[in-house]
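Presented below is the structure to which this report refers.
The values are calculated or read from the model by the stated rules, or taken from the named source; none is laboratory data. These numbers come from a predicted model, not from an experiment. Because the Cβ atoms are built from the backbone with ideal geometry, glycine has one as well, and the counts that use them run over all protein chains shown. Protein only, heavy atoms only, side chains kept; ligands, DNA and RNA dropped before computing areas. Shrake-Rupley method; radii C 1.70, N 1.55, O 1.52, S 1.80 Å.
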Amino acid sequence: VKECKNLYGVTTLEHPGVLMVATERGKYYLGGKVTGVAIPERDFPCKTPEEVRSTLPPGKDVVAFQCRNPVHRAHYELFTRALDAENVGEGAVVLVHPTCGPTQADDIPGPVRYKTYEVLKEEKADPKIFWQYLPYSMHMAGPREAIQHMIIRKNYGCTHFIIGRDMAGSKSSLTGDDFYGAYDAQDFAKENAPELGMQTVPSLNLVHTKEEGYVTADFAKDKGLTINKLSGTKFRQMLRAGEDIPEWFAFKSVVDVLRANA
C-alpha cells in the first residue's frame, strides 16, 4: 500500500498500476548488484543508451518524443513542429523513442506498434527524425512517470523532452475519472527540469481544420475554422470494420500495418 501511494498517489485497484502491483508482483523484492549476462532477445531491436547516443549528431539539441501508440498525423505534426520551439537550437533533431513493452490491456501489442513505426520511418525518411525503441512497460503513474521518462531519455542523449497533456495518465476503471490533472505532468516536469539537466517542450494542442490543415486549437478558434474530429474509439471501430480512415487522421501505411496484424 505504501509503495503504491508513493508511486501512483493512490491505492485503489481502479488504477492499472496499483492493480499490477497487487496481482502480479511477488511478496519479496530482490536488491543488490546487477550483472548483465546477455542482451535479451526481443521482437524488436532495442539499442543501448550508448549505441543510441553514438547515432545522434554531436553538439546539437535532441528533442525526445515518447509514445505508446502508433504515430498518427497529429503526433507527427507535433514532434516535427517541436523543432521550432523557442528553446530548441538550430540544427536540432527529434528522437522518436516509443515504449514497445506491454502497456494496458486494450493497447496495440508492442511488436505490431514497432512495425508501424518502421514503415513510417521508411516512408518519411526525414534526416531530422531519428527512431529508436525502448523496452519499457508503462505504469500510467502520471507526473512521476513523466520525470522517469525524462531521466531515461537523458541517458539516451536527449536534451529536450516533449511533455504531452496528461502524460502517462490513467482513468478509474469504475468511474472513468482521471487520476491526475491534465497539466500536472507538464508542471511537475518543468519544475524539476533544471535539476535533471533537461528542458521541456510542451506539446502543442493541434487540431485539423478543413481550411488550413493542422493548426493550434487557439488559432482555429480565433479564425473560426472548421475542425475535423475523430476519437480514438471511433478510429478503432472503423479500423475493425474495414472502413476508410481519413488520411488527415492516420497515415495509410500505418493503417495497412494495423489491419494486416489485426
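Can you pull out every residue in the stretch 152-183 that is over 27 Å from T48 (Cα atoms) and open to solvent by 70 Å² or more (accessible area, probe 1.4 Å)? R165, K171, S173, L174, T175, D177, D178, Y183 - these are the residues of the stretch 152-183 that are over 27 Å from T48 (Cα atoms) and open to solvent by 70 Å² or more (accessible area, probe 1.4 Å). If you check I227 against the conditions, is it open to solvent by 30 Å² or more (accessible area, probe 1.4 Å) and β-branched (V, I, T)? So I227 fits the description; yes. Among the residues here, P40 qualifies as surrounded by fewer than 11 Cβ atoms within 10 Å (Cβ to Cβ) and modelled with pLDDT under 95. A146 meets each of the listed conditions (1) open to solvent by 30 Å² or more (accessible area, probe 1.4 Å); (2) closer than 19 Å to N6 by Cβ apart from (1). Answer yes if at least one residue in the stretch 105-113 is buried (at least 18 other Cβ atoms within 10 Å of the Cβ), part of a helix (DSSP H, G or I) and small (G, A, S), and no otherwise. Yes; the residues of the stretch 105-113 include at least one that is buried (at least 18 other Cβ atoms within 10 Å of the Cβ), part of a helix (DSSP H, G or I) and small (G, A, S). Is it the case that some residue within the stretch 49-72 is farther than 30 Å from V257 by Cβ, open to solvent by less than 90 Å² (accessible area, probe 1.4 Å) and not in a loop (DSSP other than H, G, I, E, B)? Within the stretch 49-72 (the criterion being farther than 30 Å from V257 by Cβ, open to solvent by less than 90 Å² (accessible area, probe 1.4 Å) and not in a loop (DSSP other than H, G, I, E, B)), the answer is no, since none of the residues qualifies. For the stretch 230-262, filtered to residues that are over 16 Å from V119 (Cα atoms) and of a type in the set (D, E), the residue that is most open to solvent (accessible area, probe 1.4 Å) is D244.
Residue count for the stretch 46-63 satisfying the condition of being free of Cβ contacts under 8 Å to residues at least 60 places away in the same chain and touching a Ser or Thr at 6+ places or on another chain (Cβ under 7 Å): 0. The residues listed here are D84, D126; of these, the one that is open to solvent by 20 Å² or more (accessible area, probe 1.4 Å) and in contact (Cβ under 8 Å) with a residue 24 or more places away in the chain is D126.
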